[in-house]
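The values are calculated or read from the model by the stated rules, or taken from the named source; none is laboratory data. The model shown is predicted, which means the values in this text are computed figures rather than measured ones. We place every Cβ from the backbone using ideal geometry, glycine too, and count neighbours over all the protein chains shown. Surface areas here come from the heavy atoms of the whole protein model, side chains and all, with no ligands, DNA or RNA. Shrake-Rupley method; radii C 1.70, N 1.55, O 1.52, S 1.80 Å.
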Amino acid sequence: MIVGIPKEIKNNESRVGMTPAGVFELVKNNHKVYVQSDAGEGSGFFNQDYQQAGAVILDTIGQVYAMSEMIVKVKEPIEDEYDLIQQGQILFTYFHFASSEALTKAMIKQKAICIAYETVEDEEGTLPLLTPMSEVAGRMAIQQGAKYLEKPVKGRGVLLGGVPGVAPGKVLVLGAGVVGIQAAKMAAGLGAHVTILDVNMKRLRYANDVMPPHVVTEFSNEFNIRRLIKTHDLIIGGVLLKGAKAPNLITRDMLKEMRPGTVIVDVAVDQGGCVETTKPTTHEDPIYIIDDVVHYSVANMPGAVPYTSTMALTNVTLPYALKLANLGWEAACEKDASLKKGLNIVEGNVVYQEIIEAFGWEEIVA
Ligand SMILES: NC(=O)c1ccc[n+]([C@@H]2O[C@H](COP(=O)([O-])OP(=O)(O)OC[C@H]3O[C@@H](n4cnc5c(N)ncnc54)[C@H](O)[C@@H]3O)[C@@H](O)[C@H]2O)c1
């Protein structure tokens, strides 16, 4: 198969759909790989790295789309790319169709095979191509939170690890899922006192088993949250209700109960956030302050660490990309039920029911 790796052109996106290691694997399997010039630069991979792995570098994005049977990328195509997509071409990337009717209609019109990273689902119901980004965001949440706890950026002026003779800072983690566990692990590593809340006892049992003794678990309910926000310096929002808006576990009135300079990092911002006052921010302008509480709510946290994020993402996408290249999309999806769940639009037909429901369509609208 001929596989194309275009440069991401969405604002502030420095990740790339494949590393030189991925190219090497595809070429080893007798596939041809075209990489757009400088596609990997933002992630620290240069043209010569790709060439050494066996890729051919093409100058323009138009050439990559025109000459490839399968496009592997990171973000959904943006408007400038729509007309480059060809009928029957496989697009393997994040799409998040339910959040954009325009994108959905464009992909229906182009009659491509759209396989969405975010809906590939394994037997346990987890989303293996979303997990690495939650891991990155969870770990980053503590790094960012620690920074914004500093006084010059209006934080409480607390060093998370404390020092001899001074107690460490306290971190409250809402949700013991992927984000929550990674955040708790980082905070614990810094020496902070950590409290993890969840409503799922299995997750709390897991956290209790794997975490050191200065990480404690408590059941998530309003009573406990109201009590704990008064004494914790950094609050991490890592709650997810699958397919739904995140619940507002921290309401506006609760901000007054927190001490001035408390920091909230609401990682769940992409699902509306688990704090009532959360609104999406960017890496250029990541924080805002309400009632003396610092809010950090960047919607694409992994974008700030493209080297790590690209590696983490491509580690999990490559086996699927290889399968698609080796077998073609039909046989690959037939053989692999997880990959089949990734099929969202096939040559003009929406095959993922939630998309149709998201727009209230009764039938497919082109
Ligand atoms: N901002 C970013 O850049 C970024 C990056 C990656 C992921 N995310 C988002 O982070 C969020 C968490 O993702 P995840 O992969 O950790 O999800 P996950 O499904 O692994 O974990 C979510 C956890 O929330 C728990 N939960 C549900 N209701 C709760 C409640 N009332 N109180 C406490 N816990 C509750 C669930 O039991 C589960 O353990 C998602 O919204 C995801 O989209 C954001």
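Pick from region 117-134 the residues that are surrounded by fewer than 19 Cβ atoms within 10 Å (Cβ to Cβ) and not in a loop (DSSP other than H, G, I, E, B): which of them is farthest from the chain's Cα centre (by Cα)?
Only one residue tops the list, namely GLU118.
Could you please let me know if VAL263 is within 23 Å of VAL178 (Cβ to Cβ) and away from the ligand (no atom under 12 Å from the Cβ)?
In short, yes.
Mind checking which pairs have a first residue in region 197-223 that is touching a residue at least 24 places away in the same chain (Cβ under 8 Å) and a second that is open to solvent by 60 Å² or more (accessible area, probe 1.4 Å) and not hydrophobic (A, V, I, L, M, F, W, C), Cβ under 6 Å, 6 or more apart or different chains?
Taking only residues 6 or more apart or on different chains, the pairs are THR217/ASN208.
Just to be sure I understand, how many residues within region 234-257 are open to solvent by 10 Å² or more (accessible area, probe 1.4 Å) and either within 22 Å of the chain's Cα centre (by Cα) or away from the ligand (no atom under 14 Å from the Cβ) (or both)?
Number satisfying all stated conditions: 15.
Would you pick out the residues in region 59-75 that are touching a residue at least 40 places away in the same chain (Cβ under 8 Å) and open to solvent by 20 Å² or more (accessible area, probe 1.4 Å)? Talk me through it step by step, then tell me what you get.
At the first step, the residues of region 59-75 found to be touching a residue at least 40 places away in the same chain (Cβ under 8 Å) are 61, 64-65, 67-75.
Within region 59-75, ILE61, MET67, GLU69, LYS75 meet the criteria.
Over 27 Å from ALA331 (Cβ atoms), in a loop (DSSP other than H, G, I, E, B) and open to solvent by 30 Å² or more (accessible area, probe 1.4 Å): does that describe LYS105? Outline the logic, then answer.
Values: over 27 Å from ALA331 (Cβ atoms): yes; in a loop (DSSP other than H, G, I, E, B): no; open to solvent by 30 Å² or more (accessible area, probe 1.4 Å): yes.
No, not satisfied.
For region 29-58, enumerate the residues that are closer than 26 Å to ALA331 by Cα, open to solvent by 50 Å² or more (accessible area, probe 1.4 Å) and in contact (Cβ under 8 Å) with a residue 24 or more places away in the chain.
ASN29, LYS32, listed by residue number.
Out of all the residues in region 266-291, which are more than 10 Å from the ligand (Cβ to nearest atom) and under 19 Å from ASP198 (Cα atoms)?
VAL275, GLU276
Which of the residues spanning region 156-169 are on the phi < 0 side of the Ramachandran plot and over 26 Å from the mean Cα position of the chain (by Cα)?
Result: ARG156, VAL158, LEU159, GLY161, VAL163, PRO164, VAL166, ALA167, PRO168, GLY169.
Among the residues of region 154-166, are any open to solvent by 10 Å² or more (accessible area, probe 1.4 Å) and touching an Asp or Glu at 6+ places or on another chain (Cβ under 6 Å)?
Among the residues of region 154-166, at least one is open to solvent by 10 Å² or more (accessible area, probe 1.4 Å) and touching an Asp or Glu at 6+ places or on another chain (Cβ under 6 Å), which makes the answer yes.
Scan region 292-312 for residues that are near the ligand (Cβ under 8 Å from one of its atoms) and within 13 Å of the chain's Cα centre (by Cα) and jot them down.
Listed by number, the residues that qualify are VAL298, ALA299, ASN300, MET301, PRO302, GLY303.
Can you tell me which of GLN271, GLN353 is modelled with pLDDT under 95, touching a Leu at 6+ places or on another chain (Cβ under 8 Å) and closer than 25 Å to THR131 by Cα? Give the steps one after another, and end with the answer.
Values: GLN353 fails: touching a Leu at 6+ places or on another chain (Cβ under 8 Å).
Residue meeting the stated conditions: GLN271.
Restricting attention to region 176-201, report how many residues are within 12 Å of the ligand (Cβ to nearest atom) and either open to solvent by less than 10 Å² (accessible area, probe 1.4 Å) or at pLDDT below 95 (or both).
Of the residues in region 176-201, 7 are within 12 Å of the ligand (Cβ to nearest atom) and either open to solvent by less than 10 Å² (accessible area, probe 1.4 Å) or at pLDDT below 95 (or both).
Could you please find all residues in region 315-366 being open to solvent by less than 60 Å² (accessible area, probe 1.4 Å) and of a type in the set (S, T, N, Q)?
Matches in region 315-366: THR317, SER338, ASN344.
Among (1) more than 25 Å from VAL298 (Cβ to Cβ); (2) within 15 Å of the ligand (Cβ to nearest atom); (3) open to solvent by 80 Å² or more (accessible area, probe 1.4 Å), there is one condition LYS230 misses while meeting the rest; what is its number?
(2)
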